[in-house]
Amino acid sequence: MSVKNYSLGQVGDYEIKQLKVFKTVVDCGGFSAAETSLNIGRSTISLHISNLEARLNLVLCKRGRGGFSLTEEGVIIYEMTENLLESLDAFRTTVNNLNASLTGKLRLALSDKVSLDPRSHFPELIQRFSLEAPEVSITTNVSSMSNIERMILNDEADIGFIPYHRKLDGLSYVQLYSDDCYLYCGKDHPLATMSAEEQDEQVNKFPATHAGLKPHEAISEQISGMNLTAISYFYDSRLALILSGRYIGFLPERYAEPYVESGKILAVAPENRSYTLGVAVICKKTTQPNKPRELFLKVLHQTVEELISAPY
């Protein structure tokens, strides 16, 4: 479709809308998969893409019996679209921050179970922030620690709540609280009938589940030598594997407590098999102003009276 000396000319709102549709189609892996995300029919999506291809004078994607795929030109346009939309978001954020009234977005990303842990004060933080900035829209997302770190560093999220496994140079940390984590097995697991001393000797023989991340030193020491055959980052899925009686794994004591009290799981060699896991609030180190983020951090320090030091 490309013609020599073709000139695109000015890019307006309509082209940006088409590019957003194009990006969503690529992210979803095809026209049909993008229908739900875009809330429009496949025929309308196809029309948008066709119009965009005509406007750019390029073939961006292949669709048919062979499935959806990008052309070489489509890959380049997708990458440029990502950069363009990120720049527009950054421009919008900066303009909002320069205005007298606090508007825009606050994007929060949280790890497993943090939002409803009373020590995070999350509902109270949202209440106080919303009262001070009622025109700021809030979005929340639950994800793994590594993905939240990536989102913060790539400006896809403003504030993250994560287990404090490590410290990255590009992030700032506010330590919230710490959990004592113990190794657990199900009530029907062979370790359940052993003494603590026998458990400590036999523990490495049994399949274990873990978070699948590079852990800090205290965790590394505990899982070194264990038979790590299953990955389960989120506590609910890890607990389910432990309840199966097939796997053993570490859980925060507070999270495991009701299942211990009901007799469904029990701690394995608790005197020797434990570590401390902190939970922290993170944000990107940057000089770019972001009033919603700055206000949230201010509210955090006002709400959490005693911010503790990192345990490692």
field: Length-normalised contact order for the range 1-156 - Cα pairs under 8 Å, 6+ apart - percent
entry: 17 percent
- line: Note on the chain: contact order normalised by length, alpha-carbon pairs under 8 Å, 6 or more apart, percent, works out to 20 percent
field: Crossing angle, helix 42-56 versus the chain [Cα axis fit, 0-90 degrees, rounded to tens]
entry: 60 degrees
message: Using only Cα atoms and rounding to the nearest 10 degrees, what angle (0 to 90) does helix 72-98 make with the longest principal axis of the chain?
response: 80 degrees
Peptide ranges 15-22, 191-198 listed from the most packed, as the mean C-beta count within 10 angstrom indicates: 15-22, 191-198
- prompt: Where the Cα atoms of the chain are projected onto their three principal axes, how long is each span, largest first, in whole Å?
  reply: 79, 54, 32
Rounded, prolate or oblate (a/c below 1.5 giving rounded, otherwise prolate when a/b exceeds b/c) for the range 179-276 by Cα gyration tensor: rounded
query: So how do 29-35, 7-13 stack up, highest first, on mean other-Cβ count within 10 Å?
result: 29-35, 7-13
- prompt: When ranked by the protection proxy of mean other Cβ atoms within 10 Å per residue, highest first, what sequence do the peptides 46-59, 216-229 form?
  reply: 46-59, 216-229
Nearest 10 degrees, 0 to 90: helix 13-28 Cα axis against the chain principal axis: 40 degrees
field: Per DSSP, loop GluC sites (Glu not before Pro) in the range 135-192 with at most 16 further Cβ within 10 Å
entry: 135, 156
- line: If amide H atoms are modeled at 1.01 Å from N in the peptide plane, then the residues at a separation of 5 or more from residue 206, or on another chain, having amide H under 5 Å from its own are 227
statement: Counting sequence-distant residues (5 or more places) and residues on other chains, those with an amide H built under 5 Å from that of residue 106 are 137, 138, 139
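None of the figures in this text is laboratory data; all of them are computed from the coordinates on show. All of these numbers come straight from a predicted model, not from anything done at the bench. Heads up, the Cβs are rebuilt from the backbone with ideal geometry, glycines too, and the neighbour counts pull from every protein chain shown.
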